[in-house]
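Here's the structure we're looking at; comments come further down.
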Amino acid sequence: MIDFGDFYRLIAKSPLSHWLNTLPPQLSEWQKNSLHGKFKQWFNAVEYMPDVTPESVDLLHSVTVDNAALSEGQRKGIETHLRNLMPWRKGPFSLYGTNIDTEWRSDWKWERVVPHISNLEGRTILDVGCGSGYHLWRMVGAGAHLAVGIDPMQLFLCQFEAVRKLLGGDLRAHVLPLGIEQLPELQAFDTVFSMGVLYHRRSPLDHLYQLKNQLVSEGELVLETLVIDGDAQQVLVPGDRYAQMRNVYFIPSAAALVNWLEKCGFVDIRIVDICPTTTEEQRRTDWMTSESLAEFLDPQDPTKTIEGYPAPMRAVIVAKKP
């Protein structure tokens, strides 16, 4: 089973210490009742991963680790265990010669986001819907004191733990198998990221309030989500599916999203980036072999999804809690 003891000890003497009132029982319950049928297979991939010592680590420009002294057998063993954790959606990672070409070029997203946000040096950060934890490691590379990711998907937790093991057990980043609705109002994070989550929420304003309740006063929200063209009253409510995704509820214009943030009490709201999602940024790879964005667009008109909606466009908005 995943051991969260290091995280408990880490936050015991921090502004997050009151989280210990609710977190251990939640994770104990998760350990007992919420395990996916493949969890044992995924967990074994982490457990049997060779114990290696990093010689070189780069988290500032990428997520890369290596040691020239590793044998070919060790390198092949690492790749085998990493392939047992497919599909890999967020990355890329370069781990002792194994280059995980993930479905998403999450490094491109990071490059769009990071010029516009506060310096992460020494900050305590929450990443909601963190997936495999790629951005957590980039946050650590940018100087974060502690980067905490939450995501209920057990595969993503095992992917994160595998990468952490290969990085030498770095304790500056942690992933917890929780959704944002399971967090108390911690009001302890300097920065909160929500990237690729808002459109999956049935109540987007509730999600914005939940994010706000995790921030310290004057803390920063970094919100990245799908948007459409239009004025402040434009919001798309898709039918059964959007780009083949069932759980897409509301896609606002960027201007409407600013209104939502104002309504929730955020200030200093800035739209810092808007760009279409391309089939170079999200695509099928050797590490994620099922359908991807190319199959979700209208083959006759790639400016539309296969259902006829505007093709994915994403905005980054930065705001502050007063």
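The condition (being basic (Lys, Arg), touching a strand residue (DSSP E or B) at 6+ places or on another chain (Cβ under 6 Å) and modelled with pLDDT of 95 or more) is satisfied by just one residue among ARG202, ARG270: ARG270.
Being in contact with a strand residue (DSSP E or B) (Cβ under 9 Å, 6 or more places away or on another chain), modelled with pLDDT of 95 or more and either closer than 29 Å to PHE93 by Cα or not hydrophobic (A, V, I, L, M, F, W, C) (or both) is the requirement here; does LEU236 meet it? It is false that LEU236 is in contact with a strand residue (DSSP E or B) (Cβ under 9 Å, 6 or more places away or on another chain), modelled with pLDDT of 95 or more and either closer than 29 Å to PHE93 by Cα or not hydrophobic (A, V, I, L, M, F, W, C) (or both). Cβ-Cβ distances below 9 Å connect the following pairs, each with a first residue in segment 150-167 that is closer than 17 Å to PHE7 by Cα, a second residue that is open to solvent by less than 10 Å² (accessible area, probe 1.4 Å) and among the charged types (D, E, K, R), and a separation of six or more residues or different chains: ILE150/ASP127; ASP151/ASP127.
Of all residues in segment 219-256, those satisfying the criterion of being part of a loop (DSSP other than H, G, I, E, B), farther than 19 Å from ARG270 by Cα and either touching a helix residue (DSSP H, G or I) at 6+ places or on another chain (Cβ under 8 Å) or not acidic (Asp, Glu) (or both) are VAL237, PRO238, GLY239, ARG241, ALA243, GLN244, ARG246, ASN247, VAL248, TYR249, PHE250.
Residue-level analysis places ARG9 among those that are surrounded by fewer than 12 Cβ atoms within 10 Å (Cβ to Cβ) and at pLDDT 95 or above.
This table checks each residue for (1) surrounded by fewer than 21 Cβ atoms within 10 Å (Cβ to Cβ); (2) in contact with a helix residue (DSSP H, G or I) (Cβ under 7 Å, 6 or more places away or on another chain); (3) within 10 Å of LEU166 (Cβ to Cβ).
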{"site": "SER56", "(1), (2), (3)": "yes, no, no"}
{"site": "LEU60", "(1), (2), (3)": "yes, yes, no"}
{"site": "SER71", "(1), (2), (3)": "yes, no, no"}
{"site": "ARG75", "(1), (2), (3)": "yes, no, no"}
{"site": "GLU79", "(1), (2), (3)": "yes, no, no"}
{"site": "LEU85", "(1), (2), (3)": "no, yes, no"}
{"site": "LYS90", "(1), (2), (3)": "no, yes, no"}
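Taking the criterion of being open to solvent by less than 10 Å² (accessible area, probe 1.4 Å), within 17 Å of the chain's Cα centre (by Cα) and of a type in the set (Gly, Ala, Ser), the only residue of segment 182-232 that qualifies is SER194. Among the numbered conditions (1) more than 22 Å from ASP273 (Cα to Cα); (2) free of Cβ contacts under 8 Å to residues at least 60 places away in the same chain, the only one that ASP107 does not meet is (1). Among the residues making up segment 233-244, those that are of a type in the set (A, V, I, L, M) and either crowded, with 22+ Cβ neighbours inside 10 Å or in contact (Cβ under 8 Å) with a residue 24 or more places away in the chain (or both) are LEU236, ALA243. Just for segment 119-128: of the residues that are assigned to a loop (DSSP other than H, G, I, E, B) and in contact with a Ser or Thr (Cβ under 7 Å, 6 or more places away or on another chain), which one is farthest from PHE7 (Cα to Cα)? Checking each candidate, the answer is LEU120. Of note, THR64 does not satisfy the criterion of being free of Cβ contacts under 8 Å to residues at least 24 places away in the same chain, farther than 25 Å from ASN213 by Cα, within 23 Å of the chain's Cα centre (by Cα) and surrounded by 15 or more Cβ atoms within 10 Å (Cβ to Cβ).
Taking residues in segment 12-38 that are open to solvent by less than 80 Å² (accessible area, probe 1.4 Å), and partners anywhere that are of a type outside the set (Val, Ile, Thr) and modelled with pLDDT under 95, the pairs with Cβ atoms closer than 6 Å and at least 6 places apart or on different chains are GLN31/MET1. Residue pairs whose Cβ atoms lie under 6 Å apart, sitting 6 or more positions apart in sequence or on different chains, and linking a residue in segment 267-283 that is within 19 Å of PRO322 (Cβ to Cβ) to a partner that is not in a strand (DSSP E or B), are VAL267/PRO322; ILE269/VAL258; ILE269/LEU261.
The values are calculated or read from the model by the stated rules, or taken from the named source; none is laboratory data. On a predicted model such as this, the values are computed, not experimentally measured, just so you know. In this analysis, Cβ positions are derived from the backbone assuming ideal geometry, glycine residues included, and neighbour counts consider all displayed protein chains. Surface areas here come from the heavy atoms of the whole protein model, side chains and all, with no ligands, DNA or RNA. Shrake-Rupley method; radii C 1.70, N 1.55, O 1.52, S 1.80 Å.
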